[in-house]
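Taking it in order: structure first as structure tokens, then the write-up.
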Amino acid sequence: MFILGIETSCDETAVSVLEAADSDLRARVISEEISSQTQLHALYGGVVPELAAREHLHNLPLVLDQALNKAGRKISEIDLIAVTRGPGLLGCLLMGMHFARGLSLSTSKPIVDVNHIEAHVLSPWFDNPQLLFPYLGLVVSGGHTELHIVRGVGQYELLSRTIDDAAGEAFDKSAALLGLDYPGGPRLAALADEFAKAGGRLEHKLPIVMQEDVRFSFSGLKTAIALLVKRVKMQQAALAQEQKASLAFAIQEAITDAIVAKVKAAQVSTGINMLGVSGGVSANKRLRARLSEIPAIQVFTPSSLHCMDNASMIASLGWERYRRGKTLDMRASVLSRWPIEEV
Ligand code: KG4
Ligand code: ZN
């Protein structure tokens, strides 16, 4: 059985082809193609939804062709189409859904709809046979920060979710304050890591926010970071590279502190020792190192390509859902908000 995955929830147009036999525990990736719009949106310092949707419309047929060619398959050989239905930017989701519906109508193949965050939560499991249920599933991306007990496919218990910004947003907005180009998260991380490697130490104090609360929150920290950067800038006309790196280091420590504290508390309260981390921020090296220092926790991450938005996680979950008898109701609409407990 060949499964086609389509992902267009934000600024990545992604198509994957996976293969699975009925007896397989997991589907296998045959080809995966991603067209990123980062350069387009960098001009505006963030994702412009209308431009993103238009880009998906243009890119989808091209990325589909590339993925099918690399897989050595024709569209008529695809048996199942999996598509992201939400959460995400409405215009972007619509492009993917309409494209998938068109393919389904022309090939008479079934479609299964997939929740993007559920796919992130399960992506460490798709990529690591050693990760067993139940595990703690941490999603840290540009739009979401949440922690679940993952008891199986479709079985999630919410432990914590952000009440304001997401971890990726905290990285990106802080990076913008330091004058780093969009998307600033990885740039800020690189600067912080270089600073640490050169023997740099913590020179700025930032608060540990919402310590007593199970929920994540990054807006208080964001304000503290904005004030700190303003204060340092007042002392100097322009931030020297050394000062920028020192601030980046302190910011990365503060954001990772906030995440690590919630995971520690969840490990103690649930007694679960396996952690699956996913979403763009799971690529952060310092976060990975700090999480693996938590006593009694074994950390699993997806392969580096699957930390970011990708269509292989959509096809993998689509296959799991199809096996459980789920298909898309053709009248169903896309969903900008779609908590995984409501899937
Ligand atoms: O999961 P993702 O690709 O897209 C969303 O669904 O949001 O996550 C993108 C986010 C951005 O905020 C980006 O800055 C952040 O992940 N990110 C990082 C790193 N790599 C990506 N943040 C910190 N350190 C990184 N190495
Ligand atoms: Zn994502």
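Out of 73, 101, I need the residue that is of a type in the set (D, E, K, R), more than 15 Å from residue 8 (Cβ to Cβ) and away from ligand 2 (no atom under 16 Å from the Cβ). Which one? Please lay out each step first, then the result.
On the way: 101 fails: more than 15 Å from residue 8 (Cβ to Cβ).
Of 73, 101, the one residue that is of a type in the set (D, E, K, R), more than 15 Å from residue 8 (Cβ to Cβ) and away from ligand 2 (no atom under 16 Å from the Cβ) is 73.
Any chance the stretch 234-257 includes a residue that's more than 16 Å from ligand 2 (Cβ to nearest atom) and at positive phi? It would help to see each step written out before you state the result.
To start, the set of residues in the stretch 234-257 that are more than 16 Å from ligand 2 (Cβ to nearest atom) comprises 234-257.
Imposing the further condition that a residue be at positive phi reduces the set to none.
For the stretch 234-257, residues more than 16 Å from ligand 2 (Cβ to nearest atom) and at positive phi: absent.
Examine the stretch 239-254 for a residue that is within 14 Å of ligand 1 (Cβ to nearest atom), over 25 Å from residue 126 (Cβ atoms), surrounded by 22 or more Cβ atoms within 10 Å (Cβ to Cβ) and among the β-branched types (Val, Ile, Thr), and state whether such a residue exists. Don't jump to the end; show me each part of the working.
At the first step, the residues of the stretch 239-254 found to be within 14 Å of ligand 1 (Cβ to nearest atom) are 248-249, 251-254.
From the residues that got through so far, the ones that are over 25 Å from residue 126 (Cβ atoms) too are 248-249, 251-254.
Of the ones still in play, those that are also surrounded by 22 or more Cβ atoms within 10 Å (Cβ to Cβ) are 248-249, 251-252, 254.
Subsequent filtering for residues that are among the β-branched types (Val, Ile, Thr) retains 251.
Yes, the stretch 239-254 contains at least one residue that is within 14 Å of ligand 1 (Cβ to nearest atom), over 25 Å from residue 126 (Cβ atoms), surrounded by 22 or more Cβ atoms within 10 Å (Cβ to Cβ) and among the β-branched types (Val, Ile, Thr).
Pick from 65, 113, 127, 79: which is of a type in the set (Asp, Glu), in contact with a Pro (Cβ under 7 Å, 6 or more places away or on another chain) and either at pLDDT 95 or above or under 30 Å from residue 300 (Cα atoms) (or both)? Spell out how you get there, then give the answer.
Numbers: 65 fails: in contact with a Pro (Cβ under 7 Å, 6 or more places away or on another chain); 113 fails: in contact with a Pro (Cβ under 7 Å, 6 or more places away or on another chain); 79 fails: in contact with a Pro (Cβ under 7 Å, 6 or more places away or on another chain).
The conditions single out 127.
Restricting to the stretch 295-343, what's the tally of residues that are touching a Leu at 6+ places or on another chain (Cβ under 8 Å), of a type in the set (Gly, Ala, Ser) and open to solvent by less than 20 Å² (accessible area, probe 1.4 Å)?
Here the count works out to 4.
Conditions tested, residue by residue: (1) over 18 Å from residue 128 (Cβ atoms); (2) of a type in the set (S, T, N, Q); (3) free of Cβ contacts under 8 Å to residues at least 40 places away in the same chain.
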| position | (1), (2), (3) |
| --- | --- |
| 219 | yes, yes, no |
| 238 | yes, no, yes |
| 246 | yes, yes, no |
| 255 | yes, no, no |
| 263 | no, no, no |
| 278 | no, yes, no |
| 288 | no, no, yes |
| 292 | no, yes, yes |
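How do the helices (runs of 4 or more DSSP H) wholly within the stretch 34-122 filter down when requiring 3 or more residues that are open to solvent by 50 Å² or more (accessible area, probe 1.4 Å): which remain? So that I can check it myself, show each step before the final result.
On the way: elements: 38-42, 49-71, 90-107.
Those helices (runs of 4 or more DSSP H) span 49-71, 90-107.
What's the total number of residues in the stretch 125-157 that are part of a loop (DSSP other than H, G, I, E, B), open to solvent by 30 Å² or more (accessible area, probe 1.4 Å) and within 16 Å of ligand 2 (Cβ to nearest atom)?
Just the residues of the stretch 125-157 that are part of a loop (DSSP other than H, G, I, E, B), to begin with: 128-134, 141-144, 153-154.
Adding the requirement that they be open to solvent by 30 Å² or more (accessible area, probe 1.4 Å) leaves 129-130, 132-134, 142-144, 154.
Adding the requirement that they be within 16 Å of ligand 2 (Cβ to nearest atom) leaves 142-144.
Total meeting the criteria: 3.
Output the qualifying pairs, or none if there are none: Cβ atoms under 6 angstrom, residues six or more apart or on different chains, first residue in the stretch 121-137 and within 17 Å of residue 24 (Cβ to Cβ), second residue small (Gly, Ala, Ser) and surrounded by fewer than 22 Cβ atoms within 10 Å (Cβ to Cβ).
The qualifying pairs are 127/303.
What are the residues in the stretch 275-285 that are buried (at least 22 other Cβ atoms within 10 Å of the Cβ) and away from ligand 2 (no atom under 15 Å from the Cβ), if any? If you could, list the steps in order and put the result at the bottom.
Step one: filter the stretch 275-285 for residues buried (at least 22 other Cβ atoms within 10 Å of the Cβ), giving 275-282, 284.
Selection gives 275 alone.
Kindly indicate whether residue 160 is in contact (Cβ under 8 Å) with a residue 12 or more places away in the chain, of a type in the set (S, T, N, Q) and either crowded, with 23+ Cβ neighbours inside 10 Å or under 23 Å from residue 310 (Cα atoms) (or both).
On the way: in contact (Cβ under 8 Å) with a residue 12 or more places away in the chain: yes; of a type in the set (S, T, N, Q): yes; either crowded, with 23+ Cβ neighbours inside 10 Å or under 23 Å from residue 310 (Cα atoms) (or both): no.
It is false that residue 160 is in contact (Cβ under 8 Å) with a residue 12 or more places away in the chain, of a type in the set (S, T, N, Q) and either crowded, with 23+ Cβ neighbours inside 10 Å or under 23 Å from residue 310 (Cα atoms) (or both).
State yes or no: is residue 208 assigned to a helix (DSSP H, G or I), more than 16 Å from ligand 2 (Cβ to nearest atom) and of a type outside the set (Ser, Thr, Tyr)?
On the way: assigned to a helix (DSSP H, G or I): no; more than 16 Å from ligand 2 (Cβ to nearest atom): yes; of a type outside the set (Ser, Thr, Tyr): yes.
No: the conditions fail for residue 208.
The values are calculated or read from the model by the stated rules, or taken from the named source; none is laboratory data. Keep in mind it's a predicted model, so treat the numbers as computed, not measured. Every residue, glycine as well, gets a Cβ built from its backbone with ideal geometry; the counts of neighbours run over all protein chains shown. Note: accessible area is taken over every heavy atom of the protein model, side chains too, but ligands, DNA and RNA are not part of it. Shrake-Rupley method; radii C 1.70, N 1.55, O 1.52, S 1.80 Å.
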